Structure formats: C-alpha cells, structure tokens
1. So if I check each of 226, 297, 256, which one is among the hydroxyl-bearing types (Ser, Thr, Tyr) and exposed (fewer than 13 other Cβ atoms within 10 Å of the Cβ)?
2. Identify, please: which residue in region 255-281 is closer than 18 Å to residue 239 by Cα and outside any loop (DSSP other than H, G, I, E, B) and is, among those, modelled with the highest pLDDT?
3. Do you know which residues across region 210-258 are more than 18 Å from the chain's Cα centre (by Cα), closer than 19 Å to residue 125 by Cβ and aromatic (Phe, Trp, Tyr)?
4. Give 122, 132 a once-over and let me know the one that is part of a loop (DSSP other than H, G, I, E, B) and either surrounded by fewer than 23 Cβ atoms within 10 Å (Cβ to Cβ) or aliphatic (A, V, I, L, M) (or both).
5. May I ask you to list the residues in region 168-183 that are in contact with a helix residue (DSSP H, G or I) (Cβ under 8 Å, 6 or more places away or on another chain) and assigned to a loop (DSSP other than H, G, I, E, B)?
6. Exactly one condition in (1) among the hydrophobic types (A, V, I, L, M, F, W, C); (2) part of a strand (DSSP E or B); (3) closer than 21 Å to residue 106 by Cβ is not met by residue 190; state its number.
7. Quick check on region 136-152. Is at least one of its residues in a strand (DSSP E or B), closer than 24 Å to residue 248 by Cβ and either over 12 Å from the mean Cα position of the chain (by Cα) or modelled with pLDDT of 95 or more (or both)?
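The values are calculated or read from the model by the stated rules, or taken from the named source; none is laboratory data. Owing to the predicted nature of the structure, the values given are computational and were not obtained by experimental measurement. Every residue, glycine as well, gets a Cβ built from its backbone with ideal geometry; the counts of neighbours run over all protein chains shown.
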Amino acid sequence: MSENHATPASDARASDAPEASAPEADAPAAASQTSAAQEAPALGATAVSAATPRRGEPMFPDGTGPAADPAGSHHERRIRSFQPRRSRVSPSQADALRRRWATWGLDIDGLSRIDLDAFFDGRPVVLEIGFGMGEATAQMAAADPDTGILACDVHTPGQGNLLGLAERNGLSNIRVANGDAIILLREMLAPASLAGLRVYFPDPWPKKRHHKRRLIQPEFIALAATRLAPGALVHCATDWEPYAEQMLEVLSAEPTLENLHPGFAPRPDFRPLTKFEGQGLDKGHIVHDLLFRRRDTEAEPPR
C-alpha cells in the first residue's frame, strides 16, 4: 500500500500497494497554492516494457507511463507514509498503461492546477487515496457512474490493473493519479473542489516510533478539508483498532467536519467488502468505518 503500505479499497497491505504520504509530525503541511490554474498536462502513449527495470533505471524511460518521482526535487521532502517500490508490471497492466495513461492518467508533479470539471466531464469528484490493485475502486465506480473517482496511489502494477478494469468494464468515471497525495491536495486541487474523500485500510504503522508516518493526522485532515465542498463526505475505514481511535479523534477535532454517527459508523453499502477485509474478519479483526461530512459553512480562505 518496503514502507509503501497503502491498502485503501483493495486487498493489499504491506505486500501490495503503497499509500500516499502523510505530513511530517512536527511540520504541518502548508496549504499555499500555486499560481498556475491550467489543466495538468497529458502524457503521451507508446510502447511500455513489462519487465522490471534495473536499479536506477526509469520504468518508463520514454515518458509513456507514470513517472517514478513526478514531483522531483521541486517540492520539499517530508516523512512519508509510503515508499514507491519497483515492482514487475504484467503484460496486461503494461498494455492498459500504454493505451489509457495519456487520457486517464495523471502524474502528480505539483506544477499546475487540475481542471476537474474537464478531466471528469462535469461529474462531481471523489478522491480515493490508496487503492491497491483497484478491484473495490472499480466496483464503486460501476455502482455510481455519475460520480468521478480520482484514485491516487504509487504502485505501478495497481495503476495498470485499475486502468485495465476501467477499460474492460467501460468505466469512464475513473482517473488514476500517480504520486504524493499531499502535493495533489495542496498544489493541484482547488479549494472546495471535491465531493468526497476516501481512505480505506491505510497502513496502521503499529510501532509507536512510526506513528508519525500514519496518513490520518491533524495537518492532513485540515488540508483535505479545505479541498472539500460543503456537504462532501469523508469516509475512512481500518481494521486496526488503535488507528481507528486516532482517526476518530483527529476527524472529530477538525472544526469544519461533523460526524454522521455517534462514534464509529456501520459499513455503508457502497464500500465493497474486499478480500483483504474478509481475511481480517476471519482472523477476528474488527473493521471500523468513519463517516464525516464537510459542514455547510461559507467558503473559507485557503490555508
């Protein structure tokens, strides 16, 4: 979801897909905006290799797929909740990347503002951070074709798999963002532009010294809240009880959000039961869902 542990809405944890980054514990992420307001540039599409590249070599040297480090050195480095892995991309995943990345893919370079209305053909957009191999994301997109899903992750095989699922099932409401979700939120999304935020089964970083790597922190939620439109839904889920308690505390402390339930929420029907979640339930894990809504307040200035 290596240190790249993002499992939201997928069947992956440490072994599968990386999560977008968390802000440094003692250095809150700034919410300053870039002056650029143009749509993010599209990428080209030609052949892409299915082989794992050698160390130090780019997986897509001709720029035909997701970049290894799209933000490069022009954004500050923080303590992150992920570390991109160099994983083998299967032929089918490579084929999906080759054919769909130019129109349905986006590198998070932090250099321009995304025109979500144009990118999603006028649909309201939900940001999903971490999607593993994308099966649950595809199910949710199929069940709600009028809502766009901007699915953010750094796991290249998962990106290819999700694009393949979207193409085979005619899911034109999915877009895949490659890179750091903090940069995406802070630099590339306009205030009040999102209809929702989903973070499913992020890595719990159970060791105390690693808690600063958890994604759900006050600074992250404060930033994300500025990008949510009034009434937007924030939905988190985890099977790690200490992390669930932290999520509840952090979300409850954000003044622009209100809890839709007294404490934790029952699992909503729109969140699919994943294979990973089922395995956890078989082991006696308790899954906690949290549903918060952006308050219907007047627009606030960007933080």
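1. 297
2. Once the filter is applied, the top-ranked residue is 265.
3. Those that are more than 18 Å from the chain's Cα centre (by Cα), closer than 19 Å to residue 125 by Cβ and aromatic (Phe, Trp, Tyr): none in region 210-258.
4. Of 122, 132, the one residue that is part of a loop (DSSP other than H, G, I, E, B) and either surrounded by fewer than 23 Cβ atoms within 10 Å (Cβ to Cβ) or aliphatic (A, V, I, L, M) (or both) is 122.
5. 169, 171, 172, 173
6. Here residue 190 clears every test but (2).
7. yes
Every residue, every condition in (1) modelled with pLDDT of 95 or more; (2) among the β-branched types (Val, Ile, Thr); (3) part of a loop (DSSP other than H, G, I, E, B); (4) on the phi < 0 side of the Ramachandran plot, yes or no:
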{"position": "80", "(1), (2), (3), (4)": "no, no, yes, yes"}
{"position": "89", "(1), (2), (3), (4)": "no, yes, yes, yes"}
{"position": "94", "(1), (2), (3), (4)": "no, no, no, yes"}
{"position": "166", "(1), (2), (3), (4)": "yes, no, no, yes"}
